[in-house]
Every structure is written in structure tokens, then in C-alpha cells.
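Some notes on the structure that comes next.
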Protein chains: 2
Amino acid sequence: MDGRERYFEDWNVGETLVSASRIIDEAQIVAFAREYDPQPFHLDPEAAKRSPFGGLIASGWQTASVSMRLIVDGALFGPEGGIGLGVDELRWPRPVFPGDELHVVAEVLSKAPSRTKRAGVINFKLTTRNQRDEDVMTQTAIVMVANRPEGAK
Amino acid sequence: MDGRERYFEDWNVGETLVSASRIIDEAQIVAFAREYDPQPFHLDPEAAKRSPFGGLIASGWQTASVSMRLIVDGALFGPEGGIGLGVDELRWPRPVFPGDELHVVAEVLSKAPSRTKRAGVINFKLTTRNQRDEDVMTQTAIVMVANRPEGAK
């Protein structure tokens, strides 16, 4: 059973799902930076050489956004997606460089029914890793996930 | 003194800085969703009408990214920008709809020198608000901010 068949009832605390992977290249890093985070170490490969990182790195918000894309593509929050209520303890322990290939590991930390019968709330520990399996981003996401609809198998 | 002249030494706990504002339109919401968060309520105005939100809304990660742009443009983390180490208690209490005009209020929660003499760490309470001054995103950002360079005035 992958995420595409899962409703709130189907997840168990402690289990993990893993997304596919996605490469982030220099053009994507610069395009995101130009629109959303125009700091020299995200925007300009030459200026970035003189930064503490020694080269161009992705905005942390781009790493978060790419992670979301991997979660949606893998339906890690279920077939109807999830409504993100918030995030705790978001950290960027390592930079993301051009050419890095990222994937996301989602672990169910806890789950609780909501007041409605239509959805419940799951806390996922989300870890974004690079091609060397090093953590580049960690977060605890608080996500409203749909219950199995009446009549669905 | 706006953010552009500030180094780590110049901030005081409790003071606030306010960014300029920025409108987010439907085309920007859809473009971001197509690349990073292709869920129907971010991507497709027709499908979004049938969602719990009643219409298209921006990805929460786009709200975070637009907030970063407002912070960079206003130099709210100082003239050299800031290195984001992480974020605590990120919340999206209200959706962002096409045409909403956002601004960011940054309040200094605490500051601590780092082990190096080149920078310190400031915890900012960041609140992103819409044109009705309603909170659409809140977060506590942990940011490394440059010290005043030797010899600078």
C-alpha cells in the first residue's frame, strides 16, 4: 500500500514512507532565488564562492518546496493530499548544492482524530536527504489527512 | 535606522521592523503550485471552488517564500542577509487568496553571541499579515546575523 491508497485510518505510528528523488540544478536554484530569496549565495555563483558555503546553495525555502513536491508526487499524505496546519522544529543542517538529488522520508510520529469525522491530524517527522543520505532538512509537519469516505473500500 | 544599517549589535530585544508589502496574484500562485505543490486547491481555480477553502489558495511554502522575499528586500536580517538555521512553530492560521497583499512584521525575541566573533544568533518572531492585518503565517526564525565588521562605523 503506497500513499495513494491511504486514508487517516491506514497509517500506523512508527511506520515510514519514502518518496522518489529529484535533482535540483543551478538554473532552478537561481530562478527560485531571483523570485523569492535574492541573497548572493543563492543567486550568484561567483559571489557565492566568497560566501561561507564556498559556492551556490539553494534557499532553505526552496528545499522545503522541493520536499513538498516529492511528498505530493508520492502521495505521502494520502490520495487527497493533506492540509498543512503547521511545522515544528524545521532545521537545515546542511546546504543543498546544484546537482544534489533529494528524497524525503516520512515517519508517522502520532495521530489523533479531529472533531469532524472527515479527517484526522497526523504528525509526520519529515527528513529530506541528499544523494549521500545526509540530512539537509528535518521538520515535524502537522497535517490534516482525510478519513476514508463512507462507502469507500 | 532600517535593517540595511544593522548588524548583530544593533538589534534590541522587543523591537520590531516592518517590511514593505507585496501582492500575490493568481498567476503566481498557479506557477508556484505547478513547480512545487501541485495540489488541486493550489493549482486549479475550478477544482479549488469545491475544496474546503472555496477557492484557489497559495501553497503555505509560497507564503513562506514570499515572506522571505519581503525580508530580503527590507534587509530585515541586516545588510548581509541572514543565514537561516531553522524555524520553530511555523503556522498558517489563514489561507492566502489571489490578490492578497502581504507584509511581514519581525520582532526580536532574543539574541545570543555565537562562538565566533563574526556573527550572532537572533530569534525573530515573524508574522506575515494580509491587507486586513490578519495573520496568515507566524514563525520563530533562528537566524545567524553578521556582527559589525572591524573598522565599520
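Of the residues making up the range A:101-142, those that are touching a strand residue (DSSP E or B) at 6+ places or on another chain (Cβ under 7 Å) and either assigned to a loop (DSSP other than H, G, I, E, B) or hydroxyl-bearing (Ser, Thr, Tyr) (or both) are A:Ser110, A:Ser114, A:Arg118, A:Thr127, A:Thr128, A:Asn130, A:Gln131, A:Thr138, A:Thr140. If you check A:Val30 against the conditions, is it without any contact (Cβ under 8 Å) to a residue 60 or more places away in the chain and within 18 Å of B:Thr63 (Cβ to Cβ)? Considered against the rule, which asks whether it is without any contact (Cβ under 8 Å) to a residue 60 or more places away in the chain and within 18 Å of B:Thr63 (Cβ to Cβ), A:Val30 comes out as no.
Of the helices (runs of 4 or more DSSP H) entirely within the range A:1-50, those holding at least 1 residues that are touching a strand residue (DSSP E or B) at 6+ places or on another chain (Cβ under 9 Å) and within 14 Å of chain B (Cβ to nearest Cβ) occupy A:40-43. Name the residues in the range B:51-83 that are at pLDDT below 90 and more than 16 Å from B:Thr127 (Cα to Cα), would you? Once the filter is applied, which keeps residues that are at pLDDT below 90 and more than 16 Å from B:Thr127 (Cα to Cα), the range B:51-83 yields B:Ser51, B:Pro52, B:Phe53, B:Gly78, B:Pro79, B:Glu80, B:Gly81, B:Gly82, B:Ile83.
Surrounded by fewer than 20 Cβ atoms within 10 Å (Cβ to Cβ) and over 15 Å from the mean Cα position of the chain (by Cα), is that true of B:Pro45? Considered against the rule, which asks whether it is surrounded by fewer than 20 Cβ atoms within 10 Å (Cβ to Cβ) and over 15 Å from the mean Cα position of the chain (by Cα), B:Pro45 comes out as yes. Of everything listed in (1) at pLDDT 95 or above; (2) within 17 Å of the chain's Cα centre (by Cα); (3) within 11 Å of chain A (Cβ to nearest Cβ), the single unmet condition for B:Glu101 is (3).
Restricting the search to the range B:79-101, which residues are hydrophobic (A, V, I, L, M, F, W, C) and under 24 Å from A:Pro40 (Cβ atoms)?
Of the residues in the range B:79-101, the ones hydrophobic (A, V, I, L, M, F, W, C) are B:83, B:85, B:87, B:90, B:92, B:96-97.
Across the range B:79-101, the qualifying residues are B:Ile83, B:Leu85, B:Val87.
Every test in (1) open to solvent by less than 30 Å² (accessible area, probe 1.4 Å); (2) touching a Lys or Arg at 6+ places or on another chain (Cβ under 9 Å); (3) at pLDDT 95 or above is passed by A:Gly120 save one, and that test is (3).
Candidates in the range A:123-141 are the residues that are open to solvent by 30 Å² or more (accessible area, probe 1.4 Å) and more than 11 Å from the chain's Cα centre (by Cα); of these, the one that is nearest to A:Asp88 (Cα to Cα) is A:Asn123. When the range B:51-78 is filtered for residues that are under 17 Å from B:Arg94 (Cα atoms) and outside any helix (DSSP H, G or I), the ones remaining, listed by number, are B:Ser51, B:Pro52, B:Phe53, B:Gly54, B:Gly55, B:Leu56, B:Ile57, B:Ala58, B:Ser59. Each residue in the range B:80-98 was checked for being within 7 Å of chain A (Cβ to nearest Cβ), open to solvent by less than 40 Å² (accessible area, probe 1.4 Å) and under 19 Å from B:Asp133 (Cα atoms), and 1 pass. Please enumerate the residues belonging to the range A:13-27 that are open to solvent by 40 Å² or more (accessible area, probe 1.4 Å) and touching a residue at least 60 places away in the same chain (Cβ under 8 Å). Listed by number, the residues that qualify are A:Val13, A:Gly14, A:Glu15, A:Thr16, A:Val18, A:Ala20, A:Ser21, A:Arg22, A:Ile23, A:Asp25, A:Glu26.
Here is the figure for the range A:54-79: residues that are surrounded by fewer than 18 Cβ atoms within 10 Å (Cβ to Cβ) and at the interface with chain B (Cβ under 9 Å from one of its Cβ atoms) total 1. Please identify the pairs in which a residue from the range A:56-77 that is hydrophobic (A, V, I, L, M, F, W, C) has its Cβ atom under 6 Å from the Cβ atom of a residue that is in a helix (DSSP H, G or I) and open to solvent by 10 Å² or more (accessible area, probe 1.4 Å), counting only partners at least 6 apart or on another chain. Note: pairs meeting the criteria are A:Leu56/A:Pro45; A:Ile57/A:Phe41; A:Trp61/B:Met68; A:Ala64/B:Trp61; A:Met68/B:Tyr36; A:Met68/B:Trp61; A:Ala75/A:Arg4. Would you be able to say whether some residue in the range A:124-131 is within 12 Å of chain B (Cβ to nearest Cβ) and either aromatic (Phe, Trp, Tyr) or without any contact (Cβ under 8 Å) to a residue 40 or more places away in the chain (or both)? Checked the range A:124-131: no residue is within 12 Å of chain B (Cβ to nearest Cβ) and either aromatic (Phe, Trp, Tyr) or without any contact (Cβ under 8 Å) to a residue 40 or more places away in the chain (or both).
The values are calculated or read from the model by the stated rules, or taken from the named source; none is laboratory data. No experiment lies behind these values; they were computed from the predicted model shown. Neighbour counts are summed over all protein chains in view; Cβ atoms, including those assigned to glycine, are modelled from backbone coordinates with ideal geometry. Note: areas computed on protein heavy atoms with side chains; ligands, DNA, RNA excluded. Shrake-Rupley method; radii C 1.70, N 1.55, O 1.52, S 1.80 Å.
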